[in-house]
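Following: one structure in structure tokens, then a few remarks.
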Amino acid sequence: MTVRNGDTVIFHTPPIIHTWASAGGKKESEGPLADAFDLLFPDTSCGTSKWEQAESILQQKCVEHCLKKASLDPDQIDLAFGGDLQAQCTASNYTMRAVGAPYAGLYGACSTMAEGLCLAACFAAAGYGKQVLAFTSSHFCAAERQFRTPLDYGGKRPPTAQWTATAAGACLLSPGGKGVAVHSVTFGRVQDYDVHDINNMGAAMMPAAVSTLMHHFDDTGTVPADYDAVFTGDLGQVGSGLLHRQMLAEGYDLANHRDCGCLLYDVGNQHVQAGGSGAGCSAAVLCTHVLPRLADGRWKRVLFLSTGALMSQTTYLQGESIPGIAHAVELRAQEG
Amino acid sequence: MQYIWAFVVGGAICVIGQLLIDYTALTPARILTGYVVTGVVLSAVGLYDPLAEFAGAGASVPLLGFGHLLAQGVVSAVDEIGLPGIFTGGLTAAAGGIAASLVFGVLAALVGKSHDQS
Amino acid sequence: MKLDPERYAKMTREALPHSPVLKDCLWAFFVGGTICLLGEILRQSWMLLYDKELAGALTSISLIFLSALVTLPGWYQKLGAKVGAGTLVPITGFANSVVSAAIEFKAEGWVTGVGARIFIIAGPVIAYGTLASWVWGIVYWIMGKL
């Protein structure tokens with residue numbers, strides 16, 4: 001029987017991620033994971049004159065590519081969980097307008113990929129759907145003009161800032177079959193340790209990552225060393241350093257930790273300051289780096305977290321601190 | 001000599017801004033607003049005019065100079081028309097810069113498009 | 001979790017990567033200085049034709065025009081990302097903030113986008129500069145009456 005242990009759902013029959021696809025923009029096509037992307041868009045306008053629309057196209061192409069790889073029609077999707085960083089999640093809404101399948105929109109900021117995977121895994125494991133989709137994206141330009149300054153404004157980023165990835169990822173889950181198994185999922189709790197610096201999101205999200213990691217380890221009776229790797233979404237270099245220190249203080253050695261924000265780009269040379277961020281960052285790293293290694297058996301067991309900062313432009317200007325959240329997915333290679 | 005002082009004084013005023021960015025949590029928008037208000041104050045206490053005489057564009061081109069311009073505008077308007085000058089003087093003096101930014105901005109929007117930074 | 005906001009604030013402060021202050025300042029000095037030098041060359045040239053006050057205004061307008069030209073292909077952004085305050089503090093930075101906003105928000109329409117948001121960054125500068133000059137105007141007027 002599937003059991004609920006603390007904040008974690010441990011599946012009796014693990015649902016399977018059977019197909020995945022990823023799409024990236026220009027900077028991603030110059031990064032260390034470039035070769036692993038399914039689709040690359042060196043022209044990040046994707047042929048449109050509006051950045052929001054460009055993100056939607058990027059996302060839509062990624063979802064369509066995922067369906068094509070699985071030889072599925074949109075009609076065969078029982079439910080799609082998706083979201084993005086745009087206000088009211090419009091990139092995903094317009095993607096699903098074109099795709100047409102049943103759709104539940106999510107807002108988890110940069111945690112959307114893990115959030116969608118957690119929900120899709122529960123939904124598939126419960127037998128409510130045979131084909132469940134989880135997807136997300138982010139676009140540097142759409143995020144920049146919504147959250148920061150016009151794109152042609154000449155400003156210098158502080159070294160703690162992170163670079164919003166222009167990327168999308170999509171995963172298809174089924175109750176069974178061949179692929180990568182989702183053994184358990186841990187839904188995060190909102191954590192707020194009074195960080196106000198909008199240019200230091202890694203620090204704002206770090207406590208959420210610690211909280212979810214500790215819940216997951218407690219609920220499943222595991223330690224970091226039980227996993228081939230523990231991934232966090234996009235804490236970047238600053239947040240990752242803080243995570244190591246805090247986890248050590250809590251009694252966990254995170255030697256096998258990697259951060260998606262530090263994997264998507266060559267942080268020292270690509271001018272991304274502390275690393276990548278954005279919902280598409282962890283989604284792209286999941287689909288280009290993590291899932292392929294579990295599928296071919298190089299890794300057996302991985303813990304994948306996406307972390308999100310849950311403020312808005314309005315609450316930030318009103319002086320509210322930045323709450324963070326993190327959701328965790330335990331992924332395993334299929335045996336035999 | 002005038003050119004050297006324009007370079008040195010202008011550069012130095014920018015360095016102060018850079019130090020504020022690196023050492024404080026002030027955002028660029030706040031720093032610029034602070035520069036303009038400081039320019040008005042420095043002009044009011046009579047410090048900025050000598051600097052502008054000495055350094056020319058080195059003092060007038062940084063945003064401190066924009067504040068100086070506003071303050072000078074108010075002074076000459078009050079001298080000319082009395083109390084109503086407090087309303088008309090500042091923006092009259094600054095009109096050229098504001099209107100030019102506006103006009104060239106709209107022209108740029110007509111022909112240009114925004115660029116990805118990557 | 002063995003963490004509280006106060007301890008965390010200290011922890012994050014310690015973990016802050018340091019800005020390369022010397023390098024930043026050199027960039028700011030040389031690029032900011034160069035823009036001012038260019039301004040001085042323009043000012044001296046305009047003064048050959050007009051009086052000092054008009055030459056000053058024409059200098060600003062010329063620099064704003066040049067800034068718009070450099071903003072258009074995306075170069076001012078590239079320069080600003082390196083230079084920081086050197087391109088921010090001169091009037092060319094003010095112009096860049098207006099021009100880039102106009103270009104950016106064209107997507108939301110000429111009235112609701114460009115018209116409403118063109119001063120989204122420069123607005124506070126104009127607002128508080130004008131307010132400060134108004135306050136100074138009152139003080140100056142009272143001083144004249146004493």
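Of the candidates C:Ile103, C:Ile120, the single residue that is farther than 24 Å from B:Ala44 by Cβ and open to solvent by less than 10 Å² (accessible area, probe 1.4 Å) is C:Ile103. Filter the stretch C:28-53 down to residues that are open to solvent by less than 90 Å² (accessible area, probe 1.4 Å) and facing another protein chain (nearest Cβ under 9 Å), then give me how many there are. Within the stretch C:28-53, residues that are open to solvent by less than 90 Å² (accessible area, probe 1.4 Å) and facing another protein chain (nearest Cβ under 9 Å) number 16.
Report yes if A:Val210 is touching a helix residue (DSSP H, G or I) at 6+ places or on another chain (Cβ under 8 Å), more than 14 Å from chain C (Cβ to nearest Cβ) and either outside any loop (DSSP other than H, G, I, E, B) or of a type in the set (Ser, Thr, Tyr) (or both), otherwise no. It is false that A:Val210 is touching a helix residue (DSSP H, G or I) at 6+ places or on another chain (Cβ under 8 Å), more than 14 Å from chain C (Cβ to nearest Cβ) and either outside any loop (DSSP other than H, G, I, E, B) or of a type in the set (Ser, Thr, Tyr) (or both).
Restricted to the stretch A:1-103, the set of strands (runs of 3 or more DSSP E) holding at least 2 residues that are over 16 Å from the mean Cα position of the chain (by Cα) and crowded, with 16+ Cβ neighbours inside 10 Å comprises A:8-10, A:16-24. Here A:His271 passes the criteria (1) of a type outside the set (S, T, N, Q); (2) open to solvent by 10 Å² or more (accessible area, probe 1.4 Å); (3) under 19 Å from the mean Cα position of the chain (by Cα) except the one numbered (3).
So that you can scan it fast, the table gives a plain yes or no per residue for (1) more than 14 Å from chain C (Cβ to nearest Cβ); (2) surrounded by fewer than 18 Cβ atoms within 10 Å (Cβ to Cβ):
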| position | (1), (2) |
| --- | --- |
| A:Phe140 | no, no |
| A:Pro150 | no, no |
| A:Ser174 | yes, no |
| A:Val190 | no, yes |
| A:Asn200 | no, no |
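Scanning the stretch A:291-336 for residues that are outside any loop (DSSP other than H, G, I, E, B), polar (S, T, N, Q) and surrounded by fewer than 21 Cβ atoms within 10 Å (Cβ to Cβ) yields A:Gln313, A:Thr314, A:Thr315. How many residues, within the stretch C:87-146, are under 22 Å from B:Leu63 (Cβ atoms), more than 7 Å from chain B (Cβ to nearest Cβ) and of a type in the set (D, E, K, R)? Residues meeting the conditions: 1. Criterion first (out of contact with any strand residue (DSSP E or B) (no Cβ under 9 Å at 6 or more places or on another chain), under 21 Å from C:Lys23 (Cα atoms), more than 7 Å from chain C (Cβ to nearest Cβ) and open to solvent by 10 Å² or more (accessible area, probe 1.4 Å)) does B:Leu20 satisfy it? Considered against the rule, which asks whether it is out of contact with any strand residue (DSSP E or B) (no Cβ under 9 Å at 6 or more places or on another chain), under 21 Å from C:Lys23 (Cα atoms), more than 7 Å from chain C (Cβ to nearest Cβ) and open to solvent by 10 Å² or more (accessible area, probe 1.4 Å), B:Leu20 comes out as yes.
Selection within the stretch A:219-248: residues that are in contact with an Asp or Glu (Cβ under 9 Å, 6 or more places away or on another chain) and charged (D, E, K, R). The member of this set that is nearest to A:Arg293 (Cα to Cα) is A:Asp234.
Within the stretch B:23-32, the set of residues being within 17 Å of the chain's Cα centre (by Cα) and either open to solvent by 40 Å² or more (accessible area, probe 1.4 Å) or more than 7 Å from chain C (Cβ to nearest Cβ) (or both) comprises B:Pro28, B:Ala29, B:Arg30, B:Ile31.
A count restricted to the stretch C:47-103 and to residues that are within 20 Å of B:Gln117 (Cα to Cα) and of a type outside the set (A, V, I, L, M, F, W, C) stands at 17. Selection of the stretch B:97-116 for residues being more than 19 Å from C:Tyr128 (Cβ to Cβ), facing chain C (nearest Cβ under 8 Å) and open to solvent by 30 Å² or more (accessible area, probe 1.4 Å) yields B:Phe104, B:Val106, B:Leu107, B:Val111, B:Lys113, B:His115. Candidates A:Gly169, A:Gly251, A:Gly179, A:Gly241: the one that is within 30 Å of A:Gln60 (Cβ to Cβ), open to solvent by 10 Å² or more (accessible area, probe 1.4 Å) and either more than 18 Å from the chain's Cα centre (by Cα) or not assigned by TED's automatic domain parsing to the domain that holds A:Leu305 (or both) is A:Gly179. Exactly one residue out of A:Gly100, A:Gly83 is touching a residue at least 60 places away in the same chain (Cβ under 8 Å) and not charged (D, E, K, R): that is A:Gly83. B:Leu47 satisfies every condition listed in (1) over 27 Å from C:Trp46 (Cα atoms); (2) more than 9 Å from chain C (Cβ to nearest Cβ); (3) of a type in the set (A, V, I, L, M, F, W, C) except (1). The set of residues in the stretch C:1-57 being out of contact with any Phe, Trp or Tyr (no Cβ under 8 Å at 6 or more places or on another chain) and outside any helix (DSSP H, G or I) consists of C:Met1, C:Lys2, C:Leu16, C:Pro17, C:His18, C:Ser19, C:Pro20, C:Leu48, C:Leu49, C:Tyr50, C:Asp51. Scan the stretch A:227-267 for residues that are among the aliphatic types (A, V, I, L, M) and within 23 Å of A:Trp163 (Cβ to Cβ) and the total you get is 9. Cβ-Cβ contacts under 7 Å between residues 6 or more apart (or on different chains), taken from a first residue in the stretch A:217-236 that is assigned by TED's automatic domain parsing to the domain that holds A:His327 and touching a residue at least 12 places away in the same chain (Cβ under 8 Å) to a second residue that is charged (D, E, K, R) and open to solvent by 60 Å² or more (accessible area, probe 1.4 Å), are listed as A:Pro224/A:Asp253; A:Asp228/A:Lys300; A:Ala229/A:Arg258; A:Phe231/A:Arg258.
Suppose we filter the stretch A:104-138 for residues that are in a strand (DSSP E or B) and either β-branched (Val, Ile, Thr) or surrounded by 24 or more Cβ atoms within 10 Å (Cβ to Cβ) (or both); how many remain?
As a first pass, look at the stretch A:104-138 and keep what is in a strand (DSSP E or B): A:104-105, A:132-138.
Imposing the further condition that a residue be either β-branched (Val, Ile, Thr) or surrounded by 24 or more Cβ atoms within 10 Å (Cβ to Cβ) (or both) reduces the set to A:132-138.
The total comes to 7.
The values are calculated or read from the model by the stated rules, or taken from the named source; none is laboratory data. The shown structure was predicted, so the numbers you read here are calculated from the model rather than taken from an experiment. Note that each Cβ is placed from the backbone with ideal geometry, even for glycine, and that neighbours are counted across all protein chains shown. Please note that ligands, DNA and RNA were not included when accessible areas were found on the heavy atoms of the full protein model with its side chains. Shrake-Rupley method; radii C 1.70, N 1.55, O 1.52, S 1.80 Å.
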